[in-house]
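Report on the following structure.
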Amino acid sequence: MLPPVSVTFLKYAKTHLVCLMLAAALFSNEAHAAEPKPGGKPGAHRREARVTAVKTIDDRMRDLTVSSPAMGMSIPVRVILPASWKEKPKATFPVLYMLHGGNDDYTSWTRETDVEALAKNSDVLIVMPDAGKAGYYSDWFAGTPRWETFHTDELVRLMEKTYRAGPSRAVVGLSMGGFGALNYAAHNRRMFRYAASMSSYVDLNDPFVRLELALGSQNDGIDIKQVWGDPVKNAGVWQDHNPAAMPGAFRGTHVHLSSGSSELGPLDTAHTLDVQLVSMLGEAPLLKQNEKFAEALRSSGVDVTTHLYTPGTHSWPYWQKELHSIWPAVMKSLG
């Protein structure tokens, strides 16, 4: 049975919603920020990215250090090699990109889920790049960082050149990473056969999202105007990064959207009361957004599936379960 929550406590929580949202890590107690290399030249993104170091984690998992001209720094990327990588030295393989959430890093999927065991028999290259704890999967209006260029241009070409990645790709992300997966699919038509977004905000015009982004970015020590410019003066830039504003851009990609009702369930019982509350609040505005976005996608002729579930909060047990649920469809899409 879940621990009781007093009426007074819930009133307090409602009053301090934004503060709680900003104070909590939501996804992990660990955070990673790539360190700039001395003498790096942000914006010099025409040169090729290259692998400068490889750390072997186990038989199939590697941690790469990738020197990125677009970022002007080195970025860590974790990969899981295909099952027949060694047996087929000349083969190319389909690729699954997995994007982490905010205040987290490239290790999150293997740290919090059993994705490596899930991929045990899969002939798919799994690529999990870092994206900064608040990088928003975007080329920033301020000029740097250039996360999207790194992920969808440099890294894609590097995987093809160095790790035998083929042209069949899928992308899966959660929370901020789900937002990134959708934007990458929309900005790069037909780059991905399948794009899954778990527990992500999908409409930058939503007042709650605007407030959360403004205060959340400030809490991370940045101005959200650095990311997409002024919401009014640079409205076009904001809409260019707003999945809800460009449903037609997803034609040719299967889109999967999932989010929970924010109600506590059996998967939340291991969490303390404060974590439960933050997880509830983190998921609360997302279900309706995703429901509306799915309708817009269908109206635009996009192949879309949804899993809008109850109970469900903004937490890893639900994302682990969702990963298992969509895994067969992801693998099928890759061929």
Please give the per residue accessible area of the chain, computed with a probe of 1.4 Å over protein heavy atoms only, in Å². 43 Å²
When the Karplus curve 6.51 cos²θ - 1.76 cosθ + 1.60 is applied with θ = phi - 60°, which whole-Hz ³J(HN,Hα) does each residue of the stretch 274-283 get, with x for Gly and Pro? 5, 5, 4, 5, 5, 5, 5, 5, x, 8
At what distance in angstrom do the alpha carbon centres of the stretch 130-149 and the stretch 181-245 lie from each other? 11 Å
At 1.002 mPa s and 20 °C, Stokes diffusion of the stretch 222-297 via Kirkwood alpha-carbon radius, µm² per second: 142 µm²/s
So, in nm, how far is label D240 from label Q218 when the simple model puts each one 7 Å beyond its Cα toward the Cβ? 2.7 nm
Between helix 316-334 and the chain, what is the angle of the helix's C-alpha long axis to the longest principal axis, kept within 0 to 90° and rounded to the nearest 10? 40 degrees
Label-point separation (nm) for V275 and L308, each offset 7 Å from Cα along Cα-to-Cβ? 2.9 nm
Mean Cβ-within-10 Å packing, highest first, puts peptides 280-287, 50-57 in the order 280-287, 50-57
Among V77, F179, A294, which residue has its Cα positioned farthest towards the positive end of the charge dipole of the chain, with +1 placed on the Cβ of Lys and Arg, -1 on the Cβ of Asp and Glu, and the dipole taken about the Cα centre? V77
Hey, what's the Cα Rg ratio for the stretch 258-335 versus the globular rule of thumb, 2.2 N^0.38 Å? 1.23
Roughly how tilted is helix 176-187, in degrees to the nearest 10 and between 0 and 90, from the longest Cα axis of the chain? 60 degrees
Residue among V209, V79, V227 with the largest mean-square fluctuation in a Gaussian network model of the chain, springs linking Cα atoms under 10 Å: V209
Compactness summary of the chain: radius of gyration and Dmax from Cα atoms, Å, are 19.3, 64
Leaving ligands, DNA and RNA out of it, report the carbon-plus-sulfur percent of the accessible area of the chain at a 1.4 Å probe. 55 percent
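The values are calculated or read from the model by the stated rules, or taken from the named source; none is laboratory data. Note that the structure is a prediction, hence the values are computed from the model and not measured. Please note: Cβ atoms are built from the backbone with ideal geometry, for glycine as well, and neighbour counts cover all protein chains shown. We work out accessible area using only protein heavy atoms, side chains counted, and drop any ligands, DNA or RNA first. Shrake-Rupley method; radii C 1.70, N 1.55, O 1.52, S 1.80 Å.
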